[in-house]
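S.K.: A single structure is presented below for examination.
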Amino acid sequence: MAEHLTERQKKWFASVQASLERDTGKTLAEWVAIARTCPETTPGKRTEWLREHHGLGVNRIAHILSEAFPSEVAWDDGPALRAALWKDPASTAIFEAIEAQVKDYPGLVTGQRKGFSAWSRNFQFASVRPLKGGKARLGLCVSPEADPRFEPYRNEGWSERLKAAVTLSSPDEVDASIVKLLKDSWDAS
């Protein structure tokens, strides 16, 4: 498995793979063939089609679709995913300011996804994604009350362990308070 996954994440991905055939009676190759018969053309509609017509859960669907319709950038190609995601120089500067604060944490696992960048130890403790207008959204594994700028978690698409999020407009907003909260979130992971 890829180096950008924690041991826990590696086990989880392996369990999704192992349980697919056991629970459905079909191999991954058979599910890929079924997925390729889907009349829909967008990932979201393909997901809904597989859920509606075959009763699969979202994790299994994501695994099947990644095999059936591989994107130009593979899910485990961290550098390519990062380059594709962090195109805006202003958003990238915020991301790099956050990254500079966590880069020396012992045992840090940096995970790159299509829509966000994540940092983990035993589990994800921080994620950040670019926003339009040169901003970035940071999620942490701390209470929303930890900083008056934070909002409660909403459907961000990253780990449900991240309980608070803040929109940052510049690298200068990665201040002493954010640095402390990054460390607190790390300690909780």
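The values are calculated or read from the model by the stated rules, or taken from the named source; none is laboratory data. The model shown is predicted, which means the values in this text are computed figures rather than measured ones. Using ideal geometry, Cβ is built from the backbone for each residue, glycine included, and neighbour counts are taken over all protein chains shown. The area values use the complete protein model at the heavy-atom level, side chains included, leaving out ligands, DNA and RNA. Shrake-Rupley method; radii C 1.70, N 1.55, O 1.52, S 1.80 Å.
S.K.: Would you call Ser159 without any contact (Cβ under 8 Å) to a residue 40 or more places away in the chain and of a type outside the set (D, E, K, R)? Show your work before the answer.
M.R.: On the way: without any contact (Cβ under 8 Å) to a residue 40 or more places away in the chain: no; of a type outside the set (D, E, K, R): yes.
Taking the combined requirement at face value, the residue does not satisfy it.
S.K.: Can we say Val128 is surrounded by 15 or more Cβ atoms within 10 Å (Cβ to Cβ), in contact with a strand residue (DSSP E or B) (Cβ under 8 Å, 6 or more places away or on another chain), β-branched (Val, Ile, Thr) and part of a strand (DSSP E or B)?
M.R.: Numbers: surrounded by 15 or more Cβ atoms within 10 Å (Cβ to Cβ): yes; in contact with a strand residue (DSSP E or B) (Cβ under 8 Å, 6 or more places away or on another chain): yes; β-branched (Val, Ile, Thr): yes; part of a strand (DSSP E or B): yes.
Yes; evaluated as a whole, the condition is true for this residue.
S.K.: Give me the residue from the range 166-187 that is of a type in the set (Gly, Ala, Ser) and within 20 Å of Lys103 (Cα to Cα) and, out of that set, least open to solvent (accessible area, probe 1.4 Å).
M.R.: Top of the filtered list is Ser185.
S.K.: Being in contact with a helix residue (DSSP H, G or I) (Cβ under 7 Å, 6 or more places away or on another chain) and farther than 18 Å from Ala176 by Cβ is the filter; apply it to the range 137-151 and report the residue that is least open to solvent (accessible area, probe 1.4 Å).
M.R.: Going through the range 137-151, the residues in contact with a helix residue (DSSP H, G or I) (Cβ under 7 Å, 6 or more places away or on another chain) turn out to be 138, 140-142, 146-147, 150-151.
Within this subset, residues satisfying the condition of being farther than 18 Å from Ala176 by Cβ are 141, 151.
On the way: Cys141: 28, Glu151: 71 Å².
Here the answer is Cys141.
S.K.: Looking at Gly133, Gly157, which one is open to solvent by 40 Å² or more (accessible area, probe 1.4 Å), more than 16 Å from Ser177 (Cβ to Cβ) and either of a type in the set (A, V, I, L, M, F, W, C) or modelled with pLDDT under 90 (or both)? Give the steps one after another, and end with the answer.
M.R.: Details: Gly133 fails: either of a type in the set (A, V, I, L, M, F, W, C) or modelled with pLDDT under 90 (or both).
Checking each option against the conditions leaves just Gly157.
S.K.: If I filter the range 80-108 down to residues being among the charged types (D, E, K, R) and not in a helix (DSSP H, G or I), which single residue comes out as surrounded by the fewest Cβ atoms within 10 Å (Cβ to Cβ)? If you could, list the steps in order and put the result at the bottom.
M.R.: Pass one, the range 80-108, residues among the charged types (D, E, K, R): 82, 87-88, 96, 99, 103-104.
Those left that are additionally not in a helix (DSSP H, G or I): 87-88, 103-104.
Working: Lys87: 9, Asp88: 17, Lys103: 11, Asp104: 7.
It comes out as Asp104.
S.K.: Please indicate, with yes or no, whether at least one residue in the range 18-25 is among the hydroxyl-bearing types (Ser, Thr, Tyr) and open to solvent by 50 Å² or more (accessible area, probe 1.4 Å).
M.R.: Step one: of the range 18-25, the residues among the hydroxyl-bearing types (Ser, Thr, Tyr) are 19, 24.
This time we only want the ones that are open to solvent by 50 Å² or more (accessible area, probe 1.4 Å), so: none.
Looking through the range 18-25, none of the residues is among the hydroxyl-bearing types (Ser, Thr, Tyr) and open to solvent by 50 Å² or more (accessible area, probe 1.4 Å).
S.K.: I'd like to know if the range 141-158 contains one or more residues that are assigned to a strand (DSSP E or B) and within 30 Å of Trp12 (Cα to Cα). So that I can check it myself, show each step before the final result.
M.R.: Filtering the range 141-158 for residues assigned to a strand (DSSP E or B) gives 151-152.
Cutting the leftovers down to within 30 Å of Trp12 (Cα to Cα) gives us 151-152.
There is at least one residue in the range 141-158 that is assigned to a strand (DSSP E or B) and within 30 Å of Trp12 (Cα to Cα).
S.K.: Do the conditions hold for Lys114, that is, is it touching a Phe, Trp or Tyr at 6+ places or on another chain (Cβ under 8 Å) and open to solvent by 50 Å² or more (accessible area, probe 1.4 Å)? Quick ask: steps written out before the conclusion?
M.R.: On the way: touching a Phe, Trp or Tyr at 6+ places or on another chain (Cβ under 8 Å): yes; open to solvent by 50 Å² or more (accessible area, probe 1.4 Å): yes.
So Lys114 passes the test.
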